[in-house]
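In what follows, a single structure is set out as structure tokens and then discussed.
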Amino acid sequence: MKIMEIDKNIKYSKIEKMDLITVDAQRVNLAVDIYFHWKQLDAEIRTLSGTRGINFPSEISEYLACYALGYKVNKATGGDAVDDSDPNNKRIIEIKGSSAQSLTAPNSFSPSEFFDELVFVRLEKYDDSLKIYKTGINSESIKNIKVNKSETFEEQQKQGRRPRFSIHKEIIEKYDLTPDYVFLLRDKKVCKIK
């Protein structure tokens, strides 16, 4: 019982240091506009490189996911967002996104991640939609995921390395998850699926 209280105190100490903002309609409009600028620049860069474009900016996926889920985005370090819908149990949220054509493209994590829930955002560029998944995975349960044939997420963290694995393959497909929300970027509309 004491350990849980200490963990809760540490968590709330982290939350107090965050620079949290509510993502309102004005910020959503800006994030969507920036998305279309990024998409155009990504297409132009691909004409130079042949295949490699620009990674989908985490700032866009974080702002849009926070808007859809009603979370506050963190502009500082120590977690991407906070779910403060229950004032007695605020939760640190880690948001990871992917726009890669391959569903097995890896996502990278910090060696010292702490979060209450992992949210995965999958961009479908062909129709400008974001699929938003609340995975139910936290920083403890993620430690057992195999990141290669011989190491787990936790083993790489202990070595000070950045664990990388495909969230889509190891979590979304493995647990047969479907999106909780779909954000239609052209319409600036959020559709609740579950």
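The values are calculated or read from the model by the stated rules, or taken from the named source; none is laboratory data. Just so it is clear, the model here is predicted, and its values are computed rather than measured. Don't worry about glycine lacking a Cβ; one is built from the backbone with ideal geometry, like all the others, and counts go over all protein chains shown.
Of all the residues in region 111-158, those that are among the acidic types (Asp, Glu) and either assigned to a helix (DSSP H, G or I) or more than 19 Å from the chain's Cα centre (by Cα) (or both) number 4. Yes or no: ARG164 crowded, with 18+ Cβ neighbours inside 10 Å, more than 13 Å from the chain's Cα centre (by Cα) and either under 29 Å from VAL32 (Cβ atoms) or hydroxyl-bearing (Ser, Thr, Tyr) (or both)? Spelling it out, it is not the case that ARG164 is crowded, with 18+ Cβ neighbours inside 10 Å, more than 13 Å from the chain's Cα centre (by Cα) and either under 29 Å from VAL32 (Cβ atoms) or hydroxyl-bearing (Ser, Thr, Tyr) (or both). With the condition kept exactly as written, say whether any residue in region 33-42 is more than 24 Å from SER13 (Cα to Cα) and not in a helix (DSSP H, G or I). No; the residues of region 33-42 include none that is more than 24 Å from SER13 (Cα to Cα) and not in a helix (DSSP H, G or I). For region 66-110, the set of residues classified as of a type outside the set (Val, Ile, Thr) and either assigned to a strand (DSSP E or B) or touching a Gly at 6+ places or on another chain (Cβ under 7 Å) (or both) consists of LYS72, ASN74, ALA81, ASP83, SER85, ARG91, GLU94, LYS96, GLY97, SER98, ASN107, SER108, listed by residue number. When restricted to residues that are touching a Gly at 6+ places or on another chain (Cβ under 6 Å) and either assigned to a helix (DSSP H, G or I) or closer than 19 Å to VAL190 by Cα (or both), region 45-57 contains 2.
With respect to the conditions (1) at pLDDT 95 or above; (2) touching a Phe, Trp or Tyr at 6+ places or on another chain (Cβ under 8 Å), SER98 lacks only one, and its number is (1).
Exactly one residue out of LYS158, LYS174 is surrounded by fewer than 16 Cβ atoms within 10 Å (Cβ to Cβ) and either under 30 Å from GLU16 (Cα atoms) or in contact (Cβ under 8 Å) with a residue 40 or more places away in the chain (or both), and it is LYS158. Tallying residues that are within 14 Å of LYS72 (Cα to Cα), among the acidic types (Asp, Glu) and part of a helix (DSSP H, G or I) within region 7-26 yields 1. If you check ASP128, ASP116 for being over 19 Å from ILE193 (Cα atoms) and touching a residue at least 60 places away in the same chain (Cβ under 8 Å), only one passes: ASP116. Filtering region 39-55 for residues that are within 16 Å of ASP128 (Cβ to Cβ) and of a type in the set (Lys, Arg) leaves a non-empty set. Suppose the filter is under 17 Å from THR104 (Cα atoms), in contact with a helix residue (DSSP H, G or I) (Cβ under 8 Å, 6 or more places away or on another chain), crowded, with 16+ Cβ neighbours inside 10 Å and of a type in the set (Ser, Thr, Tyr); does TYR181 pass it? For TYR181, the condition - under 17 Å from THR104 (Cα atoms), in contact with a helix residue (DSSP H, G or I) (Cβ under 8 Å, 6 or more places away or on another chain), crowded, with 16+ Cβ neighbours inside 10 Å and of a type in the set (Ser, Thr, Tyr) - is not met.
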